[in-house]
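Heads up, the thing below is written out as structure tokens.
The values are calculated or read from the model by the stated rules, or taken from the named source; none is laboratory data. All values derive from a computational prediction rather than experimental measurement. Here Cβ is always computed from backbone atoms with ideal geometry, including for glycine, and neighbour counts include all displayed protein chains. With ligands, DNA and RNA removed, areas are computed over all heavy atoms of the protein, side chains included. Shrake-Rupley method; radii C 1.70, N 1.55, O 1.52, S 1.80 Å.
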Amino acid sequence: MFVRTSTRRNRDGSKVSYLQLAHNEWDPTAKTARTKVLYSFGRADQLDRPAIERLISALTRVVGVEPASSGPDRARAVGVPGLEFVESRPLGGAWLLDGLWHRLGIDTLLRRLAAGTRRYPIVERVLFALVANRALAPSSKLAATSWVAHDVHVPGLDAVSDDACYRAMDWLLQVEDQLARGVFDQVAHLLNLEVDLIFFDTTSTYFETEDPDEPVWRDDHGRLVEHDDTHADDGAAADSTADAEQPPAGATGRAGFRSRGKSKDSRDDLPQVVVGMAVTRDGIPVRVWYWPGNTSDSPLIRQVRDELRDWTLGKVIWVADRGFTSAQNRRHLAAGGGGYILGEKLRSGSAEATAALSRQGRYQEVSANLRVKEVKISESERFVVCHNPDAATRDAAVRANLVERLEAMISTSDRLTPRKRAELRGVISTKPGLNRFLRVTPGGLLRADAAKITADAKLDGKYLLRTSDPHLSTEDIALGYKQLLEVERGWRDMKQVLDLRPVYHRLEDRIRAHVLLCWLALLLARIVETRAATADMTTTWPRALDQLQRLHVGTFTGPAGLFRQTTPPSPEVRRLHTALDLALPPRILNLDPEPATR
């Protein structure tokens, strides 16, 4: 016998929870256990608390235990002789995330995708526990099993094995596309998202291992392509080495998933993988991607655009940084009526950058720290020069420091032998910041290049944007690009709050599933921040988590059975639940009249 919660959906889409006293009965015909409702307590948000307290009091008398003194606190465990306090666990964070998980329909989506499989229905609860672990107390999957069993109260899950976690992660990859599309649809409906702008950027995450993965055949999206041996001649033994060199259908190259490449964490010495993320103007991450660590940035945005093309987003303007501004990318993003706002490298020496800087014009003040001017240098694209006064001051200080270091290094180089001077020149060439301002005279002497220093000073605080949209105002172009910082904030939170790294996996599929779990955790955290902001609650996920984790649930056992009681929520926690339109946990979280067995 147990108390369960059932949820019904109204016609307007809202959900109502009911508490029921039930027990399981064996159906000999169906050869399965069926739940039978013995009594309904009514709606969870309209409980008749005095009636429940009278029931508890009556049950304690039946089992020979004297009830507590009369009054509103008579149902409390401290007033019932024979009951024992067992433990207290944090509840607030997991409860709020679970409520949001249900509001988004992720639980329903996962159960529907898992229906008919051996994993149904436990896989949904296991995946939620892993996502909650990333958001609340990031750890390895093995440590997460102990966390679920001892350190947190996860609704609907008392314990989980590490094998169940790994099986759930493997299945998660199989339904990744359906899950990503379903989650986006629900989030767009819940938050009424504006998806006219989509921001895209990539990062890398490294692994503390010396050896990269063995190269394997992959398609142009970085996915593994295996040899098709179904038509092999059983009578002919093909040479395995020759087979390995022959690319299978669809393969475009060979690469290990964890491989060395250009690290964005300044760890070129370690293997890495590349991770991409698309974010709306509201800061909501709609999807993540992953590629081998040696993948270059430029072609990735074309794959991302193609995979989101069927999401019925309408006209979308893609916003990306300078690494994605190739001509092929621009043509691809503008196809089908789309558009882009892309950063352009001012120091690249390209014809566009040179022409944009040479055009005269007056800057328009956009904000206290941003000035813009549009320059006409193309019939098919618009170019906007942006100037940040604060960044200009910072750039000047950085350049002065670099020049000072360079002059200190070459100050005595005239007295060196040509061979030693060449060695010093080689050392400086490995430092791009210093090498940029170095000049070598016809006689082989090393000097600071005054002309390059003067030219570089003209670029202080400036950056160039290009767009294909003819209707956006200059101000909207600049501010839209500035919102690209939302992606950078997402990377920062994913790495520092959700602990994307270290990754405690070596298999490619497990690494991919780990990134998906981090994405889902970041999605829930961003929704909490976004909904709180609409309710005039300016908060971050770490700050909200600090308040939520003070809400605990205590477990009590005794002759009358087991029950769990929550601590009173703080005003901040109440406001956060109100902003998210989520119900607070009931005072009596669980009531099991059966004798405790634990």
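Things to note:
- Qualifying trypsin sites (Lys or Arg not before Pro) in the range 304-364, where qualification requires a DSSP coil assignment and no more than 16 other C-beta atoms within 10 Å, comprise K315, K345, R359, R362.
- Based on C-alpha pairs under 8 angstrom that are at least 6 apart in sequence, the range 269-352 has a relative contact order of 22 percent.
- Working note: Cα gyration tensor of the chain, eigenvalues times five, square-rooted, sorted largest first, giving semi-axes of 56, 30, 25 Å.
- Other residues within the sphere of radius under 9 Å centred on the Cβ of R322, judged by their own Cβ, net out at -1 (K and R +1, D and E -1).
- Working from label points 7 Å from Cα in the Cα-to-Cβ sense, the R405 to D185 distance is 5.3 nm.
- Couplings 3J(HN,Hα) for the range 416-424, derived from phi with the Karplus relation 6.51 cos²θ - 1.76 cosθ + 1.60 (θ = phi - 60°), are 7, 6, x, 5, 5, 5, 5, 5, 5 Hz, where x marks Gly and Pro.
- Computed [θ] at 222 nm, helices only, for the chain once each DSSP H run of length n ≥ 4 contributes -39500 (n - 2.57): -12000 deg cm²/dmol
- If R0 is taken as 45 Å, the Cβ-Cβ distance between R439 and E475 corresponds to a FRET efficiency of 0.65.
- Cα-based reach from K376 at 28 Å (exclusive), listing lysines while leaving out same-chain residues under 8 positions away: K315, K345, K452, K458, K462, K482
- Computed from the C-beta positions of L21 and A535 and an R0 of 25 Å, the FRET efficiency is 0.10 to the nearest 0.05.
- The length gained by stretching the chain between A392 and R89 to full extension, at 0.36 nm per residue less their Cα-Cα distance, is 104.0 nm.
- Considering all different alpha carbon pairs of the range 397-548, the Kirkwood hydrodynamic radius works out to 20.9 Å.
- Angle between the chain longest axis and helix 176-191 axis [Cα atoms, degrees, rounded to 10]: 80 degrees
- The gain in end-to-end length when the T354 to D211 segment is fully stretched comes to 47.2 nm, 0.36 nm per residue minus the alpha carbon separation.
- Across the chain, Cα pairs under 8 Å and at least six residues apart give a relative contact order of 16 percent.
- Environment charge of V160, counting only residues whose C-beta is closer than 11 Å and scoring Lys/Arg +1, Asp/Glu -1: 0
- Averaged per residue, the chain has 51 square angstrom of accessible surface, using a 1.4 angstrom probe with ligands and nucleic acids left out.
- Hz values of 3J(HN,Hα) by residue in the range 146-154 - Karplus curve (6.51, -1.76, 1.60), Gly and Pro given as x: 5, 4, 5, 6, 10, 10, 7, 9, 9
- Inter-site label distance for K345 and D158 at 7 Å from Cα along Cβ, in nm: 6.1 nm
- Length gained on full extension, K376 to D48: 110.9 nm, using 0.36 nm per residue less the C-alpha separation.
- Taking the protein heavy atoms of the chain in the context of the full set of protein chains, the accessible area attributed to carbon and sulfur is 50 percent at 1.4 Å.
- Applying a DSSP loop filter and a limit of 13 other Cβ atoms within 10 Å to the GluC sites (Glu not before Pro) in the range 417-510 leaves nothing.
- 10 Å Cβ shell holding at most 15 others, DSSP loop, chymotrypsin sites (Phe, Trp or Tyr not before Pro): longest site-free stretch of the chain: 1-362
- Amide H contacts under 5 Å for R287, placed H, 5+ residues apart: A278
- Here r is the Cβ-Cβ distance between Y363 and R267 and R0 is 35 Å; the resulting FRET efficiency, rounded to 0.05, is 0.35.
- Tensor-based shape of the range 436-513 (alpha-carbon gyration tensor, a/c under 1.5 rounded, otherwise prolate or oblate): oblate
- For the range 537-577, the relative contact order works out to 36 percent when only alpha carbon pairs closer than 8 Å and six or more residues apart are counted.
- Phi angles of the range 399-414 translate, via the Karplus equation with coefficients 6.51, -1.76, 1.60 and θ = phi - 60°, into HN-Hα couplings of 5, 4, 5, 5, 5, 4, 5, 5, 5, 5, 6, 9, 4, 10, 6, 5 Hz per residue; Gly and Pro are given as x.
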